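Notes to accompany the following structure.
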């Protein structure tokens, strides 16, 4: 099947009863196996079958996000969301049989201990009592995603989705920027009642999941779902505090310099995306041009990235252009039975398009390498606190190629992108703290939760100012736009933790590109075969929770930015 194209892949609804019967039979085979080699053989057979099922499910998910109003895939997603929890007990029974095998020591030598650590974590975060709650959770998150995808804002004589309107946030006319932000705010304000209801119900059912598993609330379960085995809430809280002390003052300096550059008395929220008074960097060509430049870049970076990019193009594994009814998101996923990553995004003609071509393709490259380096699919991907190092570091490796994408505006891109990477971190930790507050205090009303976000903006983003006529964002409504809060609980802190790793790679790359790239390949190839701290050590990266780690990781980037603004 070498010449396949994504569009030609056939989707067939899985037979739930047949899948349950297969897993039950595999479990019995493991229990009756007479040797480690036989258990391993069954495990690989089960893994291959699971990859086929996962590929089928992913195919439906991708096609649903490509067209969120397609009734066929809308129905399939509903079916799959309901079916997945019903398969979980059978998967856990199989994993229990493997873990209880008398041949486990020999299996650990073949697979590594992380295989069993992962399976144990999955077991501890699931119970059958949670199945109807998981089904309802999936329905709510699907509804949220569909609401975002159905956005239609009338602006500048056009009908725009959420990605389309954001292009105007960096418009040269300040009044246009303000109007675009207000239109964006109005979309969320007009849907606030239902957004409140969805979030309120998600908190309730997720906390019930936590109690069903023996916890006070959902937070420990959220950490387990993120694959965290060697750090917890205390380490994350200490990291957030390092960010507040070290990066918030730097961000204030950067935004004050931006205020002076723009020549405004007060930098408002709708000025934040306007980095330069004569205009931000813009892509030097259309969507097809950008993709063609990405091909040149990946072929120049290394033989591995060149081979990877050709594979993506050959099989049509990137859907990047803005189309009506596409989900308002960007992601990389994989089709493991084909050892194929897939990248989805919505280009909007800003520097964000370049970030897609580096960030999401960084994820995809890591998946491509892991799928060709690791023996089982459990290791094809890693916890997101590691995965985002792949993507954010690829953004930094792309800096020398900025001229391909932006021509004479390449330096503008580099500065704006680096500033954005730094100023994002306080926002990212605020998103994390907000989730801790919401799940730990379910008694808060929806309006009280929004007030908590307002307080977090004052704590982590003291420079942010909204217009008095934007009552919704002014009282804390901005958090509603962050889909990770709804869809991927406790994931968002990972983007900030991994920024530290990316900035380390930036410095390493400047000092010794060959050594930096070798460490990066080690990171990609190991996939999820090691724990978080073990993976950092394997790739020669620092632990971001250690005292002073944030200041040390950000030192190189900080000096570049301060030099640029004359500090």
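Derivation of every value follows stated rules applied to the coordinates shown; laboratory data play no part. These numbers come from a predicted model, not from an experiment. Every residue, glycine among them, receives a Cβ derived from its backbone with ideal geometry; neighbour counts consider all protein chains shown.
List the helices (runs of 4 or more DSSP H) that sit entirely inside segment 483-567 and contain at least 3 residues that are more than 18 Å from the chain's Cα centre (by Cα).
Per the criteria, 493-511, 513-526, 532-538, 549-564.
Hand me the list of helices (runs of 4 or more DSSP H) wholly inside segment 376-476 holding 3 or more residues that are within 25 Å of residue 298 (Cα to Cα).
Once the helices (runs of 4 or more DSSP H) in segment 376-476 are filtered for at least 3 residues that are within 25 Å of residue 298 (Cα to Cα), what remains is 384-397, 402-406, 410-440.
Take segment 10-37 and flag every residue that is within 36 Å of the chain's Cα centre (by Cα), in contact (Cβ under 8 Å) with a residue 60 or more places away in the chain and not in a helix (DSSP H, G or I).
Listed by number, the residues that qualify are 11, 13, 14.
Exactly one condition in (1) surrounded by 22 or more Cβ atoms within 10 Å (Cβ to Cβ); (2) out of contact with any strand residue (DSSP E or B) (no Cβ under 8 Å at 6 or more places or on another chain); (3) not in a loop (DSSP other than H, G, I, E, B) is false for residue 342; which is it?
Just one mismatch for residue 342, condition (2).
Mind listing whichever residues of segment 150-166 are in contact (Cβ under 8 Å) with a residue 60 or more places away in the chain and either closer than 15 Å to residue 177 by Cα or out of contact with any helix residue (DSSP H, G or I) (no Cβ under 8 Å at 6 or more places or on another chain) (or both)?
Those that are in contact (Cβ under 8 Å) with a residue 60 or more places away in the chain and either closer than 15 Å to residue 177 by Cα or out of contact with any helix residue (DSSP H, G or I) (no Cβ under 8 Å at 6 or more places or on another chain) (or both): 150, 162, 163, 164, 166.
Please pick out the residue among 375, 341, 324 that is out of contact with any helix residue (DSSP H, G or I) (no Cβ under 9 Å at 6 or more places or on another chain) and more than 26 Å from residue 543 (Cα to Cα).
None of the other options fit; the residue is 324.
Name the residue, out of 185, 125, that is touching a residue at least 24 places away in the same chain (Cβ under 8 Å), farther than 27 Å from residue 477 by Cβ and in contact with a helix residue (DSSP H, G or I) (Cβ under 7 Å, 6 or more places away or on another chain).
125 is the lone residue from the list that is touching a residue at least 24 places away in the same chain (Cβ under 8 Å), farther than 27 Å from residue 477 by Cβ and in contact with a helix residue (DSSP H, G or I) (Cβ under 7 Å, 6 or more places away or on another chain).
Kindly establish whether residue 82 is in contact with a helix residue (DSSP H, G or I) (Cβ under 8 Å, 6 or more places away or on another chain), under 30 Å from residue 274 (Cα atoms) and touching a residue at least 12 places away in the same chain (Cβ under 8 Å).
The answer is no for residue 82.
If a residue must be in contact with a helix residue (DSSP H, G or I) (Cβ under 7 Å, 6 or more places away or on another chain), surrounded by fewer than 17 Cβ atoms within 10 Å (Cβ to Cβ) and part of a helix (DSSP H, G or I), how many such residues does segment 209-232 contain?
1
Could you check segment 256-285 and list, in sequence order, the residues that are under 16 Å from residue 419 (Cα atoms) and either part of a loop (DSSP other than H, G, I, E, B) or in contact with a strand residue (DSSP E or B) (Cβ under 8 Å, 6 or more places away or on another chain) (or both)?
Those that are under 16 Å from residue 419 (Cα atoms) and either part of a loop (DSSP other than H, G, I, E, B) or in contact with a strand residue (DSSP E or B) (Cβ under 8 Å, 6 or more places away or on another chain) (or both): 267, 272, 273, 274, 275, 276, 277, 279, 280, 281.
Suppose we filter segment 366-375 for residues that are assigned to a helix (DSSP H, G or I), over 20 Å from residue 497 (Cα atoms) and out of contact with any strand residue (DSSP E or B) (no Cβ under 8 Å at 6 or more places or on another chain); how many remain?
Final tally of qualifying residues: 2.
Suppose the filter is outside any helix (DSSP H, G or I) and either touching a residue at least 60 places away in the same chain (Cβ under 8 Å) or buried (at least 19 other Cβ atoms within 10 Å of the Cβ) (or both); does residue 240 pass it?
In short, no.
Which condition breaks for residue 458 when tested against (1) in contact with a helix residue (DSSP H, G or I) (Cβ under 7 Å, 6 or more places away or on another chain); (2) surrounded by fewer than 20 Cβ atoms within 10 Å (Cβ to Cβ); (3) closer than 27 Å to residue 183 by Cβ?
It fails just one condition, (1).
Among 230, 271, 265, 286, which is more than 24 Å from residue 426 (Cβ to Cβ) and over 22 Å from the mean Cα position of the chain (by Cα)?
286
Looking for whichever is outside any loop (DSSP other than H, G, I, E, B) and closer than 18 Å to residue 398 by Cβ here; the options are 288, 300. Which one fits?
Only one candidate passes the filter, namely 300.
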